[in-house]
1. Multiplying the sequence separation of L47 and R131 by 0.36 nm and subtracting their Cα-Cα distance, what value in nm do you get?
2. Given that just one value was derived from the coordinates, which of (1) 15.7; (2) 12.2; (3) 14.6 is mean projected area of the Cα convex hull in nm²?
3. Enter the Cα centre distance for the pair segment 113-127 and segment 144-196, rounded to the nearest angstrom.
4. Using the Kyte-Doolittle scale, find the helices of the chain whose mean hydropathy is at least -0.5 and whose Cα atoms extend 30 Å or more along the helix's long axis, counting only whole DSSP H runs.
5. Based on the Cα gyration tensor of segment 101-158, what are the three equivalent ellipsoid semi-axes, each the root of five times an eigenvalue, rounded to whole Å and given largest first?
6. If I take R0 = 41 Å and measure r between the Cβ atoms of L117 and L54 in this structure, what FRET efficiency does the formula 1/(1 + (r/R0)^6) give, to the nearest 0.05?
7. Run the dipole for the chain about the Cα centre, Lys and Arg Cβ at +1, Asp and Glu Cβ at -1, nothing else charged, and hand back the magnitude in debye, nearest 20.
Amino acid sequence: MAAVLFVRAVKVSPLSLVIPMLSFTPVFAVGSGALLIGEWPTGSQLLGIGLVSLGATWLALAGGGSRGRGLREPGVWLMTLVALLWSCTIALDKLALRHADVPAHALGQALLIGTGLLLLLAVRGELRTLRAIRPHMTTYAGAVVLQCVATALQLAAVTTIFVGVVEGLKRSIGLALALLNGWWWFGEPLTPAKLCATAVMAVGVLLLVV
């Protein structure tokens with residue numbers, strides 16, 4: 001579900017507006033970590049949650065340079081749901097890794113995700129759309145390799161530190177790169193409001209990490 005919603009979100013809304021919504025992932029991860037594996041937040045983490053929420057709301061309101069446009073972007077709400085789903089999966093990953101090593105869990109996870117997406121395409125009668133991949137096999141191969149490395153590193157990390165910290169580190173880097181990539185690849189404007197809102201979220205994420 002998260003994979004489908006993520007792709008949909010970046011398709012229908014500006015990259016620099018939807019990717020920062022993933023800053024809610026460490027916020028949600030603190031909650032799922034507390035409920036599922038007993039990792040309770042500290043006072044500084046609670047302050048970080050507040051700053052991330054404030055910054056994300058600010059970004060949604062100011063996105064695109066027009067008041068309230070961000071809240072009307074469907075991708076913003078889709079990506080917020082992705083953040084919630086991913087926050088639950090990382091806690092479940094940590095539980096699963098008590099019973100399997102990283103390669104076995106990652107392989108099982110990837111196989112099940114792939115099978116689920118193939119079934120979705122089959123139900124919708126869209127399996128033939130996979131033919132469109134052929135001219136872009138190099139790009140897809142590169143994406144697969146990077147995803148494998150990222151998954152392995154994340155699973156290795158959650159075995160040693162809190163899930164909220166893992167997500168915090170991911171998002172603090174992702175915040176800056178989302179703005180830069182949106183500007184570099186797609187010509188999305190770097191407005192003062194976007195930069196200030198992202199800075200607020202970055203401070204919040206750093207508090208979650210600390």
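1. The span from L47 to R131 would gain 25.4 nm if fully extended.
2. (2)
3. Rounded to whole Å, the Cα centres lie 28 Å apart.
4. Span-like helices in the chain: 74-96, 102-123, 137-158, 163-186.
5. After diagonalising the Cα gyration tensor, the semi-axes are 25, 16, 6 Å.
6. Working: r = 35 Å, r/R0 = 0.86.
For L117 and L54, the calculated efficiency is 0.70.
7. Taking the Cα centre of the chain as origin, the dipole is about 580 debye.
Computed from the coordinates by the stated procedures, all read-outs in this text should not be read as laboratory data. Bear in mind the structure is a predicted one, so any value in this text is a computation, not a measurement. Glycine gets a Cβ as well: all are built from the backbone with ideal geometry, and neighbour counts include every protein chain shown.
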